[in-house]
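Worksheet: the structure to be examined is printed underneath.
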Amino acid sequence: MAIAIILVRGCQYGVKPDIKRTLHLLRLTRVNHCVILADPKKYEGMLKIVKDYATWGEIPKDTLQALVEKRGRLPGDKPIPQDILGEVVKAVENGEKSNIKPVFRLHPPRKGFKGKKKIYPRGDLGYRGEAIRELLNRMM
């Protein structure tokens, strides 16, 4: 199952270099950017490092399809055509190479964040499991 990682807090001055490097390796460079990873076991250590700056959870197939349809882009910032949408969703879910951009740019969530400095469920940081669906729907 694929996981979605969303950068909630930006990197300001005074952030440890290993955290900045890990966010860069995950391609999370700006707030409200989302990345889909196919194999969460490989990234367990990286997720522990960025737990105070990002949130993540397992993304259901229908939410993944809506995310790719609404916010997925081809090179040149072109939307994905409907005829290849199914193939692209399968490629993203399985972690295969595809021609879409690897980062999904999202809006800030409607009704805002609960708290950017507290761990889920009291705030918006860290692992949230299936509840990532609700956050993604508010941000699309």
Total charge of the residues flanking Leu74 in space, meaning their Cβ is under 15 Å from its Cβ, with Lys and Arg +1 and Asp and Glu -1, is +3
Within 10 Å of each candidate Cβ there may be at most 12 other Cβ atoms; applying that plus a DSSP loop requirement, which trypsin sites (Lys or Arg not before Pro) in the stretch 1-38 survive? Arg30
Calculate, axis by axis, the spread of Cα positions in the chain along the three principal axes, and write the results as whole Å, longest axis first. 45, 31, 28
Using DSSP to call loops (not H, G, I, E or B), can you name the chymotrypsin sites (Phe, Trp or Tyr not before Pro) in the stretch 1-103 whose Cβ has at most 10 other Cβ atoms within 10 angstrom? Tyr13
Output ³J(HN,Hα) for the stretch 28-33: one whole-Hz value per residue in order, computed from phi by the Karplus curve 6.51 cos²θ - 1.76 cosθ + 1.60 with θ = phi - 60°, and x for Gly and Pro. 9, 10, 9, 5, 6, 8
Sites matching trypsin sites (Lys or Arg not before Pro) across the stretch 51-140 that sit in DSSP coil, with at most 12 neighbouring C-beta atoms within 10 Å: Lys97, Arg110, Lys111, Lys117, Arg122
For the stretch 1-138 the mean separation of alpha carbon contacts under 8 Å (6+ apart) over residue count, i.e. relative contact order in percent, is 31
Pull up the cross-link candidates among the lysines for Lys118, meaning alpha carbon to alpha carbon under 20 Å and not fewer than 8 places away within one chain. Lys16, Lys20, Lys48, Lys51
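Quick note: the coordinates plus some simple rules give every number you see, no bench work behind them. Being a predicted model, the structure only gives us computed values, none of them experimental. Virtual Cβ from ideal backbone geometry, glycine too; neighbours counted across all protein chains shown.
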